[in-house]
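Report on the following structure.
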Amino acid sequence: MFRGSSFHAIDDKGRIVIPARFREVITVSGADRVMMTRLDKGLYAYTFEEWKKIETRIMSLAEKSDNMRRFRRVFIGGAFDCPFDKQGRMLIPPLLRQYAEIDKEIVLVGVLEHFEIWSRENWENENMNMEENMKKEEVRNEIAKLGI
């Protein structure tokens, strides 16, 4: 499982160093790469094992609504196979860097079955939005269901 957050820099070629604790989760799954896609102005990286589960769930949905069709187009159609090099770096494709507004400073965030890559600015905005949402009773009630 992916846990924790860390701040990093992206190099001029669009490569990032994946923390050892994340690389370990990926290599235990038997791979040296991740599938990466976009959502919420951030990038979502999955092991191939988890990615197959997502594709299976999406394909099994009986509902073929316009919204699901559009979601599949963006989420699956925007996915890239991202291998690691020998130094443990991963190239983030230009289209994904552009979508996530990634320039120099990034944040890697472990979110259990996947990890996310955010521009530092978008990550700070996401945190501010969550802090504001936490003031709403319905959000606090949803979180309380977790027993936290």
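Only the coordinates and a few stated rules stand behind these numbers; no lab work does. Because the structure is a prediction, the values reported are computed rather than measured. Backbone-built Cβ (ideal geometry, glycine too); neighbour counts: all protein chains shown.
So if I take the centroid of the Cα atoms in region 45-111 and the same for region 12-29, what is the distance between those two points in Å?
Using only Cα atoms to place each centre, the spacing works out to 15 Å.
By the scheme Lys and Arg +1, Asp and Glu -1, what is the net charge of all other residues having a beta-carbon under 14 Å from that of Arg120?
Net charge in that neighbourhood comes out at -4.
Filter the cross-link list Lys53/Lys136; Lys64/Lys136; Lys52/Lys145; Lys53/Lys135; Lys13/Lys64 down to pairs whose alpha-carbon distance in this structure exceeds 31 Å.
Lys53/Lys136; Lys64/Lys136; Lys53/Lys135; Lys13/Lys64
Loop sites only, by DSSP: take the GluC sites (Glu not before Pro) in the chain that have at most 13 other C-beta atoms within 10 Å and name the longest stretch containing none of them.
Here the longest segment lacking exposed loop sites spans 1-62.
With charges only on Cβ, +1 for K and R and -1 for D and E, what is the dipole size of the chain about its Cα centre, in debye, rounded to 20?
For this selection, approximately 440 debye.
Where does the charge balance sit around Gly110 when Lys and Arg score +1, Asp and Glu -1, over other residues with C-beta under 11 Å from its C-beta?
0
Normalised by the residues of region 38-148, what does the relative contact order come to in percent, with Cα pairs under 8 Å and at least six apart?
About 33 percent, as a whole number.
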